[in-house]
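Trainee: Attaching a single structure in C-alpha cells format; questions to follow.
The values are calculated or read from the model by the stated rules, or taken from the named source; none is laboratory data. Given the structure is predicted, the values throughout are model-derived calculations rather than measurements. We place every Cβ from the backbone using ideal geometry, glycine too, and count neighbours over all the protein chains shown.
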Amino acid sequence: MQMQFKQKLPFEKVILISAPWPLYNRPSIQIGTLKSYLKKELPDLKVDAHHFYLKVAETIGYRRYRAISERTWLAETVYGALLYPKHLENIKNIFYKQAAGKPLLRKIVFETLTKQIQEVSEAFIHNIDWEKYGLAGFSICLCQLTASLYFIKKIKKQFPNLLTVVGGSMFTGNATRNLFEMFPEIDIAINGEGELPLSRFISHLKNSMSDGEIPPIQGIVTPESAKKEAPVSFLQMNELSDLVPPDYDDYFELLQSFEPEKTFFPTLPMEISRGCWWRRKQEGVKSAGCAFCNLNLQWDGYRSKDPAQVVLEIDHLTTKYKTLSVAFMDNLLPLKTSRDIFNRIERLGKDFRLFGEIRANTPGRVLDAMQAAGMHEVQIGIEALSTRLLKKLNKGTTAIQNIEIMKHCEMMGITNSSNLILHFPGSDQKDVDETLRNLDFVLPFHPLKIVHFWLGFGSPVWQNPATFGIKAVFNHRNYAGIFPVNIFKTIRFMIQAYRGDIGHQKKLWQPVKKKLKAWKKSYDELHQGPRHENILTFRDGKNFMIIRQKRLEGQHLTHRLEGTSRAIYLFCRHRRSLKKILDRFPSVTLDRIEPFLKMMVDKKLMFEENDNYLSLAVPDNPHAS
Ligand code: SF4
C-alpha cells in the first residue's frame, strides 16, 4: 500500500527544528548538515533551520540551561510536564530527585520553570508562518524526546496539513514501528541517517503534480510501511564525500539577535566519520563493539571523509563563523587517516581549540599530531582500569594501555575528560580489586569521571542480557512517570532498565567510588597555585635523573636514578615487556633488573601488568624530552 497525504503545492520550503536540550553553545550538526545537503541536492528548495534550544537557553539563563541539559531525566521532565500536565506530580518528583545534587536547580520552582519554557515555546510557534512550509523535520536525539513531541503535537494541531517528519538517533529500526500509533501527529519517520531518504522524499513531493500517493522510498517509514513484517528499510550514503560543510547561519543569526552580554563564541561541531570502526564483526564475539554502547544504531559500518575534505571544511567553517573552537562529533576518530588529517590541520596555521573522542590504543605519533593541530581536550574510551573488566566490556584494550594514554595526555597538557564505568552487570570482586590496585598508580593524572552503567536500547548487553546475568529488560521506570501507560508499554525507549545484580553491584563498587572522589580532591588540591605543575615529574641530567613526587601531606618525595637505572626508566616511557627491556640492556641480568623494577613499582613510579612496564613520571619540561 502506498502512503496517502494531502500535499500543498507548490512545495518550496521546509523547516528543520532542533528542540531543547542539546549543548547550547554549539549549533546542531544534525540540522546544519541536513540543511546544506538539501540545498546542494535541491537548489531551488528553501530550508530554514531553527536551533530553538539556543533561544530557550538565553531565556532561562545559560547556567541553568546547562545544568538541566547535563542530565537526561532533568531535560525530559520539563517538556514532559507540558505534554502531560496530568502527570505533573510524578514528573516533578523525578525532576527534584535528579536535581538533588545540583545547587542551581534544587531550589527552583518547577512550575515557574515550565511556565517560562511554555511561553518561549509558544512564542516560537506563534512567530512562524507555518503555512509557508511543506514539511517540518525534527531531529530527535537523546534529551530531545519530550520537547520534540511537544512541538509536533502543538504545531500539528494548528496546521494539520503540515507534514511532520522525525529522524535522529532516538528511534531507529524496529523502534519506529509503533511510533505512529502512539503519536499520530507524526507522519513520517526516517530510519538511519536523513540525507538520502529526506532529499528523495522532498524531491518526489516537489515533482509530484497531484495530491496523494508516494512510492516507497528506502529509509522513509510511513504508518503503512511500519505495519509490514519486513525489516524497516534503511538508506545511507556510500561515501561521506557527498556531504558539504554544515550550514550554521540560522544559529549565528539567532545568537547575534541577543543582547551583547548574552552573546558568546560558540564551538563548531564537525564530523570526520560516521559509525565506529571498533564495531566491525569480530570472530568469536556475539555482538561487535563495546558491550554497553548503543551509539551507532542509525549507521551501518564505518565511513570517514577524505583528509583533504576535512581540512577544507574546518578552514571554511572557522573562517566563515570566526570562531576557533571545534568539536569533532565522531563516535570515534579514524585510526588510519587521523595523523594525516591533524598534520594538515596544523599546517593551516590557525590557533584551534579542538575536542575529539579517541580510543586508548591511539598511537603516540597520532596524539602528537593532534596536539600540534590544537587538540585541547579528548574523551578516551577508558571505561575501566581493570583488564579483566575491560575484557567483559569488549573494549579490546588493557589497563596498562589506558594508563599509558592517560600519562601522555597529562604530559602533553591535553585535558582528558574520560569516564570510569561503575556497576557493570556481571562485574565481580576481582574486577573491583584490580581497579582499586591500579587506581593507586594513576593518581598523578587527570581524574576519571564516575559514570554508572545504564542499559542502552540495542547495545550488546541489551541484546544478550543472559550473558551478563540480566534476567529481564524493560523501559526505564522514569518513562512511566512521564508518559501515559499505553505509550510506556508500547514504545521501546532508548534508556532501558533491567532486573539483575544491581544491588550487589552498588555495594561492590562503593570503595572504588570513594577512591575516585578522593583522587579528584587530591588532584585539584595539588594543582592549586599560580603555576600548573604535574604531580609526578622528572628532570634529566643526562647520566642521572631526578624524579619528584608531589604529595598533599608532608614533603614532596625525590628520587635519583643513575646510569642504567635512568636509561631503563626512560626506555619505559612507553610500555615495554620485560623481554624487550632485557634485549635492550643485555649487560644487565634478570636477577638485577627484576628487583629494580619491583622497587619502582612499589614506589608507584612505574606500573606493571603481565610483565609489561610503564614509567609514570612525565618530563618536568616536556619540550626538553
Ligand atoms: S564506545 Fe566508542 S569504541 Fe566502543 S563501540 Fe561505542 S563508539 Fe565504538
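Trainee: Working carefully through the options 511, 530, find the one that is closer than 18 Å to residue 442 by Cβ and not assigned by TED's automatic domain parsing to the domain that holds residue 424.
Mentor: Within the list 511, 530, the selection yields 511.
Trainee: Still on this structure: Output the number of residues of segment 61-93 satisfying the condition of being without any contact (Cβ under 8 Å) to a residue 60 or more places away in the chain and either of a type in the set (A, V, I, L, M) or buried (at least 22 other Cβ atoms within 10 Å of the Cβ) (or both).
Mentor: The total comes to 6.
Trainee: Looking for whichever is within 16 Å of the ligand (Cβ to nearest atom) and either surrounded by fewer than 23 Cβ atoms within 10 Å (Cβ to Cβ) or among the aliphatic types (A, V, I, L, M) (or both) here; the options are 402, 394. Which one fits?
Mentor: 394
Trainee: Out of all the residues in segment 562-621, which are charged (D, E, K, R) and closer than 18 Å to residue 543 by Cβ?
Mentor: Across segment 562-621, the qualifying residues are 562, 566, 573, 584, 620.
Trainee: Within segment 128-246, considering only strands (runs of 3 or more DSSP E) that don't extend past its boundaries, which have at least 2 residues that are at pLDDT below 90?
Mentor: 212-214
Trainee: Shifting gears a bit: Taking segment 334-387 as the search range and keeping residues that are closer than 26 Å to residue 573 by Cβ and among the basic types (Lys, Arg), which one is modelled with the highest pLDDT?
Mentor: 339
Trainee: For segment 429-436, indicate whether the set of residues that are within 30 Å of residue 80 (Cβ to Cβ) and surrounded by 15 or more Cβ atoms within 10 Å (Cβ to Cβ) is non-empty.
Mentor: Within segment 429-436, not a single residue is within 30 Å of residue 80 (Cβ to Cβ) and surrounded by 15 or more Cβ atoms within 10 Å (Cβ to Cβ).
Trainee: Let me ask something additional. If a residue has to be free of Cβ contacts under 8 Å to residues at least 60 places away in the same chain, in a helix (DSSP H, G or I) and over 21 Å from residue 307 (Cα atoms) to count, how many in segment 351-388 make the cut?
Mentor: 1
Trainee: Test residue 271 against the criterion of being modelled with pLDDT of 95 or more, within 16 Å of the ligand (Cβ to nearest atom) and not aromatic (Phe, Trp, Tyr), and give yes or no. Spell out the reasoning first.
Mentor: Working: modelled with pLDDT of 95 or more: yes; within 16 Å of the ligand (Cβ to nearest atom): yes; not aromatic (Phe, Trp, Tyr): yes.
It is true that residue 271 is modelled with pLDDT of 95 or more, within 16 Å of the ligand (Cβ to nearest atom) and not aromatic (Phe, Trp, Tyr).
Trainee: Which is out of contact with any helix residue (DSSP H, G or I) (no Cβ under 7 Å at 6 or more places or on another chain) and part of a helix (DSSP H, G or I), of 430, 391, 395? Before you say what the answer is, go through the steps one by one.
Mentor: Working: 430 fails: out of contact with any helix residue (DSSP H, G or I) (no Cβ under 7 Å at 6 or more places or on another chain); 395 fails: part of a helix (DSSP H, G or I).
Matching residue, one of 430, 391, 395: 391.
Trainee: How about segment 289-332: which of its residues are more than 16 Å from the ligand (Cβ to nearest atom), assigned to a loop (DSSP other than H, G, I, E, B) and under 21 Å from the mean Cα position of the chain (by Cα)?
Mentor: Residues satisfying the conditions are 305, 324.
Trainee: Another question, then. Please identify the pairs in which a residue from segment 25-46 that is modelled with pLDDT under 95 has its Cβ atom under 6 Å from the Cβ atom of a residue that is assigned to a helix (DSSP H, G or I) and surrounded by 19 or more Cβ atoms within 10 Å (Cβ to Cβ), counting only partners at least 6 apart or on another chain.
Mentor: From residues that are modelled with pLDDT under 95, there are no pairs.
Trainee: Can you tell me which condition residue 227 does not meet? The list is (1) surrounded by fewer than 15 Cβ atoms within 10 Å (Cβ to Cβ); (2) in contact with a Lys or Arg (Cβ under 7 Å, 6 or more places away or on another chain), and all the others hold.
Mentor: (2)
Trainee: Quick check, is residue 335 within 16 Å of the ligand (Cβ to nearest atom) and aliphatic (A, V, I, L, M)?
Mentor: Against the criterion (within 16 Å of the ligand (Cβ to nearest atom) and aliphatic (A, V, I, L, M)), residue 335 qualifies.
Trainee: Then there's this: Being buried (at least 18 other Cβ atoms within 10 Å of the Cβ) and in a loop (DSSP other than H, G, I, E, B) is the filter here; which residues of segment 247-261 pass it?
Mentor: If the condition is that a residue be buried (at least 18 other Cβ atoms within 10 Å of the Cβ) and in a loop (DSSP other than H, G, I, E, B), then 247, 248 are the ones that fit.
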